[in-house]
Each structure stands twice: as structure tokens, then as C-alpha cells.
Amino acid sequence: MSDTHVESTRETFGGRAKGSCAGAVFGVFVLVGAVFLLAWNERRGAVRGRALDEGERVVVVASADRIDAAHEGRLVHVTGLATTTETLRDAELGIAETALRLRRRVEMYQWEETEERGTTTQNADGSTTRTRTWRYSKAWKSQVVDSSAFRKPEGHRNPTAMPLPSASWMAERATLGVRRMSRSLLEEVDSFEDVPLTTTSNLPAGLRDAARLHDGMVYLGKDPGSPEVGDARARVDVARPTVVSVVSRQVSGGFEPYRTTSGETLELLEEDQVDVRRMFQRARTRNALLTWGLRALGGLLMWMGFDLLLRPLALLAGWVPWLGGVAAVGASLISAVLAGTLATGVIAGAWLWNRPWAGLLIVAAVVSAAAWLLARQARARQRGLA
């Protein structure tokens with residue numbers, strides 16, 4: 001039997017009208033926020049694109065085995081083994097590894113709440129009855145789920161803290177060839193491997209008795225095959241020395257982010273041997289994906305904003321039983337059209353604003369095409385008169 005909680009609430013027309021008007025006001029703020037997001041995103045994408053263009057123009061390929069004084073302060077591309085002699089330790093789980101990065105990941109078995117799509121019934125007096133359903137299930141989570149915010153916390157209580165916190169460590173002294181690796185570059189190394197855990201003897205006394213080894217992890221609970229709420233499991237993984245390719249500024253025998261003329265900082269890392277051209281291609285792809293993702297988010301926010309603004313009109317139409325549903329669907333469609341139009345306009349305007357030369361070329365091309373069409377029509381008329 002599913003674990004659910006169902007509520008039915010009756011709302012008068014006056015209450016619905018008040019909520020709808022408040023939603024319309026909130027919709028204005030959502031629209032304004034969406035406009036700023038889209039405009040900011042176009043600027044961000046343009047600035048990042050110019051930084052990558054500048055970086056690709058000025059970058060020089062350098063050797064990992066020696067430092068050329070002529071490259072000091074310049075943007076360099078270096079490929080080699082990122083390594084360290086430093087030992088990173090997770091004392092509580094008994095792990096010591098010569099690694100660039102070490103991290104402990106802890107999950108706890110907890111209740112989680114999901115709200116299902118509700119149903120709304122229109123009543124003859126203009127009020128509505130809304131039925132909402134919350135479903136409760138258990139899952140492994142890396143963060144504490146606040147069960148006090150559940151609609152029905154009774155019987156679904158979660159612990160308020162992890163029995164063992166997640167943690168991470170990073171080498172203080174790491175090198176790429178003869179150059180020191182910066183912390184910002186080390187944070188980009190992400191080739192982690194699991195380290196099987198073999199002891200529980202270093203755990204705090206309060207956890208040691210409940211701990212057991214299971215599938216290379218430390219399990220805190222009675223039965224790994226039948227977990228209970230509050231049980232936890234911990235694993236460790238490491239990023240060992242690995243071959244990387246870096247684009248960064250060479251400074252005093254090490255690296256630091258390169259600041260372009262636009263003020264944007266530039267620093268790239270790819271694991272494995274990657275030539276400089278491909279590194280910049282991948283960086284441009286990531287920038288484009290982020291730009292399009294934020295555009296989609298801005299368009300969605302605009303649709304939500306317009307939908308909130310039009311809800312009072314749909315509510316008034318709801319006095320006619322058959323018209324209420326049609327008005328709600330119509331409001332959503334109109335909101336989608338308005339959002340698409342406004343989002344396209346904002347994106348186009350911001351794109352041209354941040355790329356003035358491209359904007360001038362587009363305007364010149366449009367004007368030239370229009371002039372050519374007008375001239376062609378004028379010649380055709382003259383031939384017709386002749």
C-alpha cells in the first residue's frame with residue numbers, strides 16, 4: 001500500500017480572486033527577473049566568447065619539463081603529468097593515499113516527499129474544491145532532508161544531522177611537470193576512483209559499534225540489505241596523479257588565471273592529452289550550452305510570469321462552467337506566445353547590444369537586401385510601362 005497524504009480544500013471565489021491578484025503582482029516581478037536574466041546571459045556569453053577568442057590568439061605552447069622565461073606572464077598551453085608527493089588522509093575511515101584529491105561521500109537513508117498534480121473541481125457557487133496528494137518514500141540522500149517541512153511529518157521523521165559528515169581534501173603541493181598547480185586547476189581534476197574501505201576501528205566511539213564493512217563501504221546501521229531511516233553509508237574515492245592539459249597564465253614557476261582585456265578570467269583544464277585548438281573548441285561548446293540553457297530558463301520564467309498575469313481574466317471567465325477550462329488553456333497558450341515573442345526580442349536586442357559590429361553588419365545586410373528588392377521592382381515596373 002502506498003504511503004500518501006490527501007487533502008481536499010474548498011476555496012471561495014473571493015479567496016481565489018485575492019490569490020489570483022497576488023499572483024499577478026508576483027508575475028510582474030517574475031517577468032522583470034526573466035528580462036534581466038536573459039540580458040545578463042547574453043552579455044555573459046558574449047564576454048566569455050571574446051575572452052576565448054583572445055585567449056586562442058595569444059596562447060603559446062610550452063613544455064612541461066622546463067620553464068621558458070620568455071613566457072612569463074603569458075597564457076600558455078602545457079600538457080603533462082599532474083602529480084604530488086603529498087599524502088591525503090581520511091583519519092576516521094582509515095585511508096591514506098598519495099593523491100591530488102580525496103573525498104568522503106556520506107549518504108543517509110531518509111524519507112522524501114513529492115507532491116503529485118492535484119485536481120480542481122468547479123462548484124456551482126463559483127468556489128472550487130482542490131484535492132492534493134503528497135507521496136512519501138525512502139531513498140539514499142547526500143544531504144539532510146528537513147522532514148519538519150513535510151505536509152505530514154508524523155510518521156516521516158528524519159534525523160536532523162548526518163552521523164558522519166562528508167569531507168574533501170586537496171593536495172597543497174601539486175605540480176604539472178616543473179610548474180606548481182594552482183588550487184583552481186586542481187579543483188577541475190575529476191577522475192575519481194573508489195577506494196575500498198577495510199576498517200572501522202578509527203571511527204568515533206559512538207559510531208564504531210554500529211559500523212560494519214559492506215561492499216567496500218562503511219555501513220552505519222543494522223542490516224545493509226534492509227536499510228532503515230537514519231542508516232548511513234560512507235565511501236571514499238581519490239583522484240590520483242593523471243595526465244592533464246592546461247591553459248593558464250605562467251607566473252613565478254606556477255599557474256594563475258589569465259585576465260583578458262575584457263576583464264574575464266581564463267583558465268582551462270582537460271584530463272588527458274588535448275591540443276590547444278580542441279581545448280578552446282570544447283570551452284566554446286560549454287559556453288554555448290550554458291547560454292542556451294539560460295535562454296530556455298528565461299523563456300520558461302517569462303511564460304510563468306505571463307500566465308500569472310492572465311490568471312485573473314481566466315478566473316472571471318470561470319463563472320461560465322464550460323468557459324472556465326477553455327479560458328485557462330487559452331491563457332496558457334497566449335502566455336506562451338507572449339513569452340516567446342518577448343524573450344526573442346530581449347535576446348536579439350541584448351545579442352546585438354553586446355556584439356555591435358555584428359549588429360551593424362546585420363542591419364547593413366537587411367538594408368542592402370531591401371534596397372535591392374525595391375530597385376528590382378522599380379525596374380520591373382519600368383519594363384512593364386515600356
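The values are calculated or read from the model by the stated rules, or taken from the named source; none is laboratory data. Note that the coordinates shown come from a computational prediction; the quantities given were computed from them, not determined experimentally. Note that each Cβ is placed from the backbone with ideal geometry, even for glycine, and that neighbours are counted across all protein chains shown. The protein model used for the area step is the full one, side chains on, heavy atoms only, and it has no ligands, DNA or RNA in it. Shrake-Rupley method; radii C 1.70, N 1.55, O 1.52, S 1.80 Å.
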(request) Considering only Gly253, Gly23, Gly155, give the residue with the highest GNM mean-square fluctuation for the chain, with springs between Cα atoms whenever their separation is below 10 Å. (result) Gly155
(message) Please give the Cα centre distance for segment 153-186 versus segment 228-302, rounded to the nearest Å.
(response) 17 Å
(message) With +1 assigned to the C-beta of every Lys and Arg and -1 to the C-beta of every Asp and Glu, and no other charges, what is the dipole magnitude of segment 1-104 about the Cα centre in debye, to the nearest 20?
(response) 500 debye
(message) Checking understanding here: applying a Kyte-Doolittle mean of at least 1.0 and a length along the axis of at least 30 Å (C-alpha), which whole DSSP H helices in the chain pass?
(response) 321-354
(request) Would you mind working out the magnitude of the charge dipole of the chain relative to its Cα centre, with +1 at each Lys and Arg C-beta and -1 at each Asp and Glu C-beta, to the nearest 20 Debye? (result) 1780 debye
(request) Note the listed values (1) 4, 14, 15, 19, 20, 16, 8, 3, 1, 0, 0; (2) 4, 20, 26, 25, 18, 6, 1, 0; (3) 4, 16, 15, 11, 8, 7, 6, 7, 9, 10, 5, 1, 0, then indicate which one is P(r) over Cα pairs in 10 Å bins from 0, in percent calculated from this particular structure. (result) (1)
(request) Using just the helices of the chain, give the 222 nm mean residue ellipticity in deg cm²/dmol: DSSP H runs with n ≥ 4 each add -39,500 (n - 2.57), and the total is spread over all residues, rounded to 500. (result) -15000 deg cm²/dmol
(message) Ignoring ligands, DNA and RNA, please state the percent of accessible area on the chain from carbon and sulfur, probe 1.4 Å.
(response) 58 percent
(request) Give me the net charge of Asp194's neighbourhood, meaning all other residues with Cβ under 9 Å from the Cβ of Asp194; Lys, Arg count +1, Asp, Glu -1. (result) -1
(request) Between Val236, Val28, Val76, find the one with the highest GNM mean-square fluctuation for the chain; connect C-alpha pairs within less than 10 Å. (result) Val28
(request) Using a Gaussian network model of the chain whose springs link C-alpha atoms within less than 10 Å, name the residue from Met162, Met302, Met170 with the highest mean-square fluctuation. (result) Met162
(request) Classify segment 129-173 as rounded, prolate or oblate from the Cα gyration tensor: take a ≥ b ≥ c as the square roots of its eigenvalues, call it rounded if a/c is under 1.5, otherwise prolate when a/b beats b/c and oblate if not. (result) prolate
(message) On a straight-distance basis, which lysines could pair with Lys152 in a cross-link, Cα separation under 25 angstrom, same-chain partners fewer than 8 positions away excluded?
(response) Lys138, Lys141
(message) Among Thr260, Gly155, Leu176, whose Cα projects farthest towards the positive end of the dipole of the chain, with charges put on the beta-carbon of Lys, Arg (+1) and Asp, Glu (-1)?
(response) Thr260
(message) Tell me which of Val243, Val144, Ala34 sits at the most positive position along the dipole axis of the chain, charges placed on C-beta atoms (Lys, Arg +1; Asp, Glu -1).
(response) Ala34
(request) Give the accessible surface of segment 67-147 per residue, rounded to a whole number of Å², with probe radius 1.4 Å and ligands, DNA and RNA excluded. (result) 50 Å²
